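Comments concern the structure below.
The values are calculated or read from the model by the stated rules, or taken from the named source; none is laboratory data. Source: prediction; values computed, not measured. Here the Cβ positions follow ideal geometry from the backbone for every residue, glycine too, while neighbour counts run over all protein chains shown. The protein model used for the area step is the full one, side chains on, heavy atoms only, and it has no ligands, DNA or RNA in it. Shrake-Rupley method; radii C 1.70, N 1.55, O 1.52, S 1.80 Å.
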Amino acid sequence: MPFGHDMVHSLSTVVDLINTSPTAGGEECLSDLGQLGELVERWQVSGVDELGSGDLAQVRALRDAFHRVFTAPDQAAAVIRLNTLLGETRMTPRLTEHDGHPVHVHYFAPGASVAEHLAADCGIALAHLLVEGEWERLRTCAAPDCDRVFFDESRNRSRVYCDSRTCGNRMHVAAYRARRRA
């Protein structure tokens, strides 16, 4: 299934958000408003004016909810978890074009917090993925010491590592060395 630019952007955003968590095999990468601001800027989250003191805690809670969707044991559980998340989000779908991007749909309500914005746009992208029967594209890295999540965009759904240059290369080198020793 070919994925549109907006959907890939939202799915990449949610993957990056989840991977800022220590539960994704690393250190806390959303420890202050500065790091949250960097994430907002990196993913060009529009409609976010100023980040406030409550935004960090809200986005962290949202990050955990998205992680539960990615790590659901099956599609039915993922649907329940995503419906819960979406049910807590104010949404106002509207067409918009900004920053040189063509007309696309934003789902967040005007004046929404950064957490609501991310919940709406990323949640809808995940919902479309589930509706299209593509839930298995939400993955956790197969490297034994990595818990990062990713979205498999490959045509044949064959990607198993979060990053082929790090985890993938490391695992291939380890397999090669094991074969050489045998």
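Ordered by 1.4 Å accessible area with all protein chains kept, Ser21, Ser53, Ser158 run largest first as Ser53, Ser158, Ser21. Dividing the mean sequence gap of close Cα pairs (under 8 Å, 6+ apart) by how many residues the stretch 1-110 holds gives a relative contact order of 17 percent.
Please name which of Ala76, Ser12, Asn156 has its Cα lying farthest along the dipole of the chain towards the positive end, using unit charges on Cβ (Lys, Arg +1; Asp, Glu -1) and the Cα centre as origin. With unit charges placed on the Cβ atoms, the residue in question is Asn156. In the chain the longest region clear of trypsin sites (Lys or Arg not before Pro) that are loop-assigned by DSSP and have at most 16 other C-beta atoms within 10 Å covers 1-89. With the chain treated as a Gaussian network of Cα nodes joined by springs under 10 Å, which of Asp64, Asp152, Asp74 yields the largest mean-square fluctuation? Per the Cα network of the chain with a 10 Å cutoff, Asp74 tops the list.
Pick out, in residue order, every one of the GluC sites (Glu not before Pro) in the stretch 7-88 that is DSSP loop and has at most 15 other C-beta atoms within 10 Å; say none if there are none. Here the GluC sites (Glu not before Pro) that fit, given the DSSP loop and packing criteria, are Glu27, Glu28, Glu50, Glu88. Applying a 4.7 Å Cβ-Cβ cutoff to the chain, the cysteines left without a disulfide-compatible partner are Cys29, Cys122, Cys167. For the chain, modelled as a GNM whose springs connect Cα atoms under 10 angstrom apart, the maximal fluctuation among Pro22, Pro102, Pro93 occurs at Pro102. Measure nothing fancy, just the Cα-based angle from helix 75-87's long axis to the longest principal axis of the chain, in degrees from 0 to 90, nearest 10. It works out to around 30 degrees. Could you work out the relative contact order of the stretch 76-153, using alpha carbon pairs under 8 angstrom and six or more residues apart, expressed as a whole percent? With pairs under 8 Å counted, the relative contact order is 22 percent.
With a sphere of radius 9 Å drawn around the Cβ of Gly26, what net charge do the other residues whose Cβ falls strictly inside it have (Lys, Arg +1; Asp, Glu -1)? It would help to have the intermediate numbers written out before the result.
Working: positive: Arg148; negative: Glu27, Glu28, Asp147.
Once positives and negatives cancel, what remains is -2.
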